[in-house]
Structure formats: structure tokens, C-alpha cells
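Inspection log for the structure reproduced underneath, given as C-alpha cells.
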Amino acid sequence: MSDIQKSSVFDVEQVRQNFPILGEKIYGKPLVYLDSAATSQKPQGVIDAMSYFLLKENANVHRGVHYLAERATEAYEGSRVKAQLFLNAEYAHEVVFVRGTTEAINLVAQSYGKKHIGEEDEVLITEMEHHSNIVPWQMLCEQTGARLRVVPINDNGELLLDEFERLIGSKTKLVAVTHVSNVLGTINPIRRIVEMAHVQGARVLVDGAQAVPHLKIDVQALGCDFYVFSGHKMYGPTGIGVLYGQSELLDEMPPYQGGGDMILSVNFKKTIYNKPPYKFEAGTPNMAGAVGLGAAIDFLTSLPYEALAAHEKDVLDYGTRMLSAVPGLRLIGTAHAKASVLSFVLDGVHPHDIGTIIDREGVAIRVGHHCAQPLMSRLGLPATARASIGCYNTRQDINALVAALGKVREIFQ
Ligand SMILES: Cc1ncc(COP(=O)(O)O)c(C=O)c1O
């Protein structure tokens, strides 16, 4: 990771050098990758760290007494400490490795939720949630008889906090809310939401999938009970993510899955479970993935945060201006506090046609319902086109997008 800048100036060209895939040509055109909200590209440091682990350190963690098993365990547990520091969690054992955001939310729903949420209780989510922060709660409600309630948004894509205040009450046992919307880019006021929830005695789970690549996260300052994210959206590998849970909550939560590593002792009459985080990490974990996540954290935290945020804001603001000037284009999601997502629709053109045509120009964006069908219904749209920005995107990428949209308009005129 030697070529990552250490200065406070954000040199995007230097950052791009870390991402070999950005040199690829697509249909003979330079790749313009504007789909980081779906999955980010991977820096060389992450690729190297995983490859080094597999080449030199691979062995099963925790159980071995031999040299490699110790090296592998050190690498795996080292990543846990990196994730702890990344989130500013108080303890490393508050970091549970999971497959990703989806698994983390299912874990909390089936473990914490099944224990604490019953027939008379309510789970509060919002209209802008990803399916992975809706369906696990619906499943829990079906299992327990609890009620799912939904906080609406305004037409700019901002949460209606007065509605939030109206809907939350003594029956609310858990609030599950996204930090940043994957469709609208809206940054939700988590600190305020946590305060309102805690006054009612409700716990708060924050879906940080779209926040971790862009915002500095401090779970202690946010005061949330659970914070979850995926490695692959923050320049790390797929198949690894984090559930942060406050120590005393993880302590009293039952395990989610049974198997090896999550036990202290087993006999046919009774099993004694291991302590967190191991209680929640049944089976051989994704060791190379955890190492890759550690390297992604190293990469992200080596970038000068203020300058990175200013750069991403510049590209977002530039994109907002440029797209707004495209005839017939309407931006979806115009919240005051916004991060790195530009969703839009174009008069008379289905988003799938937009995505397919601009792909031929080398421009990769996402089209569809973005796993947020209830939000699409609220917006009265079947789908949107979504350009999303990572640390490597530039104003030139936006220019390429706008030029490619010109081709779409030529075809559909
Ligand atoms: C806001 C949000 N939550 C959850 C998820 C699910 O993440 P994963 O598929 O990595 O589990 C996504 C993925 O797009 C997302 O954008």
C-alpha cells in the first residue's frame, strides 16, 4: 500500500492507480465505473493481502497449535481489531464477522429479535430501506406476531422525523434504519433517531452498507446498539461483513447458528456456548475475506478523510448539476444531506434501456428497483437508473455519463 498518499490533499489520479480494473477497456472504450453502491472495485492492497494470506498463511483459525494456524489466527483476529478501530467500538469482541449486511440483519432479527420481540411489540423501519432491512423483520413479525411499522419520507427522499416521533412508542422494541439510502443517497440523522428510540427504550440497528465507504463512523458517538456493513461496498472482498453489537447485548443474545467454534463444550445433554464474538461465528469463517476486509480498512483509512469527503462531494455536486441540465432527466432523491448516489429517470426511456445503451460506451451504472421495491412504489416508479460514486470517480466520469446519455436521447428521439 506504499503508493497511497499520506498528505491531506486528495490526488484522485494517484488513488486510481491502486485499482487495476480501472485500466480495463469495455467494448474498446475506457471503463467508467459508476456502480460502486452495488459493489466497489478492489485496490491492489486488498488483492495482495488476500493472495499473501492464501499463499503464505492459510490454515484453519483458532483450533490449531501449529505455526500456520497461529499466523492465520493472528491475521484473522488482527482484522477484527482493525474493524473495531474503524468503527470506534469499545471492544474487539463487539465485532462479529458475518457474510455481509444481509446476514448481520438476519442474525440480529433471529437472535435478539426472537428473544426480545413478542406479540404485542413493534419493529419500526423506514420507507427507504433495502430489502435486506425489511424482509428479515417481516419474517420475525410473522414468527412472533409482532407488528412492522414504517416511517414515511417526503418527496425529496428525507425521513419525516415528526412521523417517526408519532410512530415510535412504548411498544417499539427495535428501530432498523439505513444510515445512507442506496437509492436516494439520503444520509439519515442517526444520532437523533437513536436519541428518540432510546427515550422509548427501543434498540437501534443501523444499516451502514452505503455509509462506511463515505462517512467516518463512530458507533459510540452515534450511540446505536447494532451497526452492520458489508466489506465489498467499501473496497473489500465479498462474503465478509461486520455486525457490531454492544457488548452487553451480544452477551445475552442466543446463538444464531450452531456448529464448531461457537461452543465451549458439547455433550449430548447440554452444550455450553462460547463467548461473543465466537458464539456467533459457527463453522470455519471466511478467513481470507476477513484479511481482505482488514486491508480494505487500511486502504480507506489511509486516505485523508476530509479531502476524500470533499472530493466525493465535488463529484456528487458536479453530477447533480450536469444531470439536471440533461433534457427530460429527473433526479430522484434530492435530500439536503446526501452521499454519492445519483438516481434518475429519463422521459420516455426505460432505465434498462439507458443502462444497456450506455454500457456500450463503457459506462457502468445500475438500473432497476435496487432491492427497494416499497420505496419504488412510494416514488411511483418501476425502476431508476443509478450512478454511484466511489473514491476513484472524477468529474470526467460524469462527463462520460452525460455524453453517453446523449446517445440514449439520439436513439429515443
Ligand atoms: C443499504 C443497503 N443495505 C443492505 C444491502 C445488502 O448488502 P449485502 O448484499 O452486501 O448483504 C445493500 C446492498 O446493496 C444496501 O445498499
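What follows is calculated from the coordinates using simple rules that are stated; it is not laboratory data. All of these numbers come straight from a predicted model, not from anything done at the bench. Cβ atoms come from the backbone with ideal geometry, glycine included; neighbour counts cover every protein chain shown.
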Query raised in the report: Hey, which lysines would be in cross-link range of LYS56, C-alpha to C-alpha under 24 Å, not counting anything within fewer than 8 residues on its own chain?
Result: LYS42, LYS82
Query - 16 Å cut-off, amide nitrogen to a point 7 angstrom out along ARG378 Cα→Cβ, residues in the stretch 306-340 - result: 332-339
Query - Spacing of the two label points (7 Å from each Cα toward its C-beta) at LYS216 and ASN58, in nm - result: 3.9 nm
Report task. Mind jotting down the distance between the C-alpha centroids of the stretch 351-413 and the stretch 45-92, whole Å? Result -> 38 Å
Query raised in the report: Can you give the helix-only mean residue ellipticity at 222 nm for the chain, where every DSSP H stretch with n ≥ 4 adds -39500 (n - 2.57) and the sum goes over all residues, rounded to the nearest 500 deg cm²/dmol?
Result: -11000 deg cm²/dmol
Report summary line: Relative contact order in percent for the chain (Cα pairs under 8 Å, 6+ apart) equals 23 percent
Query raised in the report: Considering only DSSP beta bridges whose two residues both sit in the chain, what percent are antiparallel, to the nearest 5?
Result: 60 percent
Query raised in the report: Across every pair of different alpha-carbon atoms, what Kirkwood hydrodynamic radius in Å does the stretch 333-413 reach?
Result: 13.4 Å
Report summary line: One finds, for GLU142 and GLN257 with R0 = 22 angstrom and r their Cβ-Cβ distance, a FRET efficiency to the nearest 0.05 of 0.65
Query raised in the report: Of VAL65, VAL175, VAL212, which is the most mobile in a GNM of the chain whose springs link Cα atoms less than 10 angstrom apart?
Result: VAL65
Report task. Helix by helix through the chain, keep the DSSP H runs that span 15 Å or more along the axis on Cα and average at least 0.0 on Kyte-Doolittle, and give those back in order. Result -> 287-302, 395-412
Query raised in the report: By the scheme Lys and Arg +1, Asp and Glu -1, what is the net charge of all other residues having a beta-carbon under 12 Å from that of ARG330?
Result: -2
Requested in this report: Please grab the % of Cα pairs in the stretch 1-102 that end up more than 18 Å from each other.
Outcome: 66 percent
Query raised in the report: Using the Cα gyration tensor of the stretch 48-301, with a ≥ b ≥ c the square roots of its eigenvalues, what is the shape: rounded (a/c below 1.5), prolate (a/b larger than b/c) or oblate (neither)?
Result: oblate
Query raised in the report: Build a GNM of the chain with springs between Cα atoms under 10 Å: which of PHE268, PHE53, PHE86 gets the top mean-square fluctuation?
Result: PHE268
Query raised in the report: For the stretch 269-323, what is the Kirkwood hydrodynamic radius in Å, using each pair of distinct C-alpha atoms?
Result: 15.2 Å
Report summary line: Semi-axes in Å, largest first, for the stretch 196-274 (Cα gyration tensor, √(5λ)) are 29, 20, 8
Query raised in the report: Over the stretch 342-413, what is the mean sequence separation of C-alpha contacts under 8 Å (at least six apart), divided by residue count, expressed as relative contact order in percent?
Result: 40 percent
Report summary line: Under the 7 Å Cα-to-Cβ spin-label approximation, VAL135 and SER170 lie apart by a distance in nanometres of 3.6 nm
**Report entry** Within a Gaussian network of the chain (alpha carbon springs, distance under 10 Å), most fluctuating of TYR112, TYR67, TYR227
**Finding:** TYR67
Report summary line: For the stretch 30-105, averaging the sequence separation of alpha carbon pairs under 8 Å that lie six or more residues apart and dividing by its residue count, the contact order in percent is 14 percent
